[in-house]
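The values are calculated or read from the model by the stated rules, or taken from the named source; none is laboratory data. Everything numeric in this text was worked out from a predicted model, so none of it was measured. Don't worry about glycine lacking a Cβ; one is built from the backbone with ideal geometry, like all the others, and counts go over all protein chains shown. With ligands, DNA and RNA removed, areas are computed over all heavy atoms of the protein, side chains included. Shrake-Rupley method; radii C 1.70, N 1.55, O 1.52, S 1.80 Å.
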Amino acid sequence: MTDTIGRTDIPGYGEPYRGKVRDVYRLGADRIGLVATDRISAFDHILPRAIPYKGQVLNLLAAYQFEQISDIVETHLVEVPHPNVTIGKACMGIPVEVVVRGYLAGHAARTYAAGGRYLCGVRLPEGLRENAPFPSPILTPATKAVEGHDEDISEADLLRQGKVDPHIWEQVRTYAFRLFERGTRIAAERGLILVDTKYEFGLFHGRVVLMDEVHTPDSSRYFMADDYEERLKRGEKPRQLSKEFVREWLMGHGFQGRDGDVMPTMDDAFVEHTSQRYIELYERLTGRPFVPTPVRGYNETVKAAFDRVTGRP
Ligand SMILES: Nc1ncnc2c1ncn2[C@@H]1O[C@H](COP(=O)(O)OP(=O)(O)OP(=O)(O)O)[C@@H](O)[C@H]1O
Ligand SMILES: [Mg+2]
C-alpha cells in the first residue's frame, strides 16, 4: 500500500504538539509549522490506520480556501513549503470553537429532536424539519476544552465568564458571519450547500487572525445541492460531501466513541476507499485535479523549510 504519514518527527525540532490530525512545531517566536498527517479522527478518536494522501488533501484544501476568504479577514497562512505543511503565524488561540450553522443538522438536529428550542442561547423556530435551513445562519460557539469534549456555550456566557474580550468577540462574530456567507457562495458555485462549519481565531500581535483550517471537510459539513430539495420533500437524508461516511461506517460496526465501544479493524479496501473519497472532496471543492506527491523523504524537505523559516544554517 501507499506510504502514509502517521506521526512526524522532524530532526532538530523537538516534540511537536500533536493534535488529532496535525503535528504542530514551534518555529521561533512568530511562526509555527503545521504538518498535516494522514491520521483520521471521528467521534474525537484517532482511527487505527492512516489514510493515503489525506494530509495533503486537507492541507492543500485549507490553503485553497484560505485564499478564497483572505479579503475578509487576516489569515494565519504564510506559505505551503510542502503539500503536507503550512507555515503559519504563531497565534495565541482564542479558546472558542466558532461554529456557524445554516441548517438544522448534526448536533443541532439531535437537540431539536429531543425538544430543545435553544442552542447556545439562540432561540430556534418551531416546525423545522431535520436538515432544513434556519431563517438565517446562527452562531453556536463551543468552548475548546483542553481535554475531552467541547461544550456548547452562549455568547452571553462566553463574555460573562471572561473567555474572550468583548471587543475581540465583536470582531470574531462579524468575521464568522461574513466567512459563512462567502463559504456558502463558493459552495453554491460547486453545486454544494455549506451546512455548518467551525472557525478558530487567534491573536497575532494583537490582531484577530483566522487560524487552523477553513471550509474543509474536516471542519465543515456540505450537502449536495442538486437533489437536496427533492430528498427533503421525500423525507430522505440529503447526500453529504464530508467525512460523514466514515462516521457511518464506524457506527455500522458498533463504534460511536462511547466508553466500552471497540474500534473496528479497518481493512485495506476501506482505507483505499476513504483515500479516494478525500481526493474526490478536494477535486469537487477546488474544481482542480488532485496531484498526489509521494510522501517518501518528506522529512528532509520539511526540515529544510523549517531551517529556512528559523534562519538555521
Ligand atoms: N496559527 C496557529 N497558531 C496557533 N495554534 C494553531 C494555529 N493554527 C492551528 N492551531 C492549533 O493547532 C492544532 C492543530 O491540530 P489539529 O487540527 O490536529 O488539532 P485538533 O485535534 O483538531 O484540535 P485539538 O488540538 O484541540 O485537539 C489545534 O490545536 C489548533 O487550534
Ligand atoms: Mg483541528
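Remarks
- Region 49-89, residues that are buried (at least 20 other Cβ atoms within 10 Å of the Cβ), touching a strand residue (DSSP E or B) at 6+ places or on another chain (Cβ under 6 Å) and assigned to a loop (DSSP other than H, G, I, E, B): VAL73, HIS76, ASN84
- Residue match in region 18-27 (condition: open to solvent by 30 Å² or more (accessible area, probe 1.4 Å), on the phi > 0 side of the Ramachandran plot and not polar (S, T, N, Q)): no
- Region 98-119, residues that are in contact with a strand residue (DSSP E or B) (Cβ under 7 Å, 6 or more places away or on another chain) and either open to solvent by 20 Å² or more (accessible area, probe 1.4 Å) or within 20 Å of ALA188 (Cα to Cα) (or both): VAL99, VAL100, ARG101, GLY102, TYR103, LEU104, ALA105, THR111, ARG117
- When region 9-44 is filtered for residues that are more than 16 Å from ligand 2 (Cβ to nearest atom) and assigned to a loop (DSSP other than H, G, I, E, B), the ones remaining, listed by number, are ASP9, ILE10, PRO11, GLY12, TYR13, GLY14, GLU15, GLY28, ALA29, ASP30.
- Hits in region 209-236 (condition: open to solvent by 30 Å² or more (accessible area, probe 1.4 Å) and either under 22 Å from the mean Cα position of the chain (by Cα) or under 30 Å from PRO166 (Cβ atoms) (or both)): MET211, ASP212, ASP218, ARG221, ALA225
- Checking each residue in region 118-142 for being within 18 Å of VAL98 (Cα to Cα) and part of a strand (DSSP E or B) picks out TYR118, LEU119, VAL122, ARG123, PHE134, SER136, PRO137, ILE138, LEU139, ALA142.
- Test: residue in region 223-242 that is in a helix (DSSP H, G or I) and closer than 18 Å to HIS107 by Cβ: no
- Among the residues of region 41-74, the ones that are hydrophobic (A, V, I, L, M, F, W, C), in contact with a Phe, Trp or Tyr (Cβ under 9 Å, 6 or more places away or on another chain) and under 29 Å from ALA304 (Cβ atoms) come to 5 in all.
- First in region 108-123 and within 18 Å of ALA156 (Cβ to Cβ), second anywhere and hydroxyl-bearing (Ser, Thr, Tyr), Cβ under 7 Å, 6 or more apart: LEU119/THR111; LEU119/THR140; CYS120/THR140; CYS120/SER154; GLY121/SER154; VAL122/THR140
- Some residue of region 217-224 being more than 16 Å from ligand 1 (Cβ to nearest atom) and without any contact (Cβ under 8 Å) to a residue 24 or more places away in the chain: no
- Hits in region 4-24 - residues which are in contact with a helix residue (DSSP H, G or I) (Cβ under 9 Å, 6 or more places away or on another chain) and more than 24 Å from ASP150 (Cα to Cα): THR4, ILE5, THR8, ASP9, ILE10, PRO11, GLY12, TYR13
- Of all residues in region 28-42, exactly one satisfies the criterion of being closer than 20 Å to PRO217 by Cα and either of a type in the set (Asp, Glu) or open to solvent by 60 Å² or more (accessible area, probe 1.4 Å) (or both), namely ASP38.
- Exactly one residue out of GLY191, GLY206 is at pLDDT 95 or above, more than 16 Å from the chain's Cα centre (by Cα), more than 30 Å from GLU170 (Cβ to Cβ) and open to solvent by 20 Å² or more (accessible area, probe 1.4 Å): that is GLY191.
- Filter result for HIS45 (open to solvent by 20 Å² or more (accessible area, probe 1.4 Å) and closer than 26 Å to THR140 by Cβ): yes
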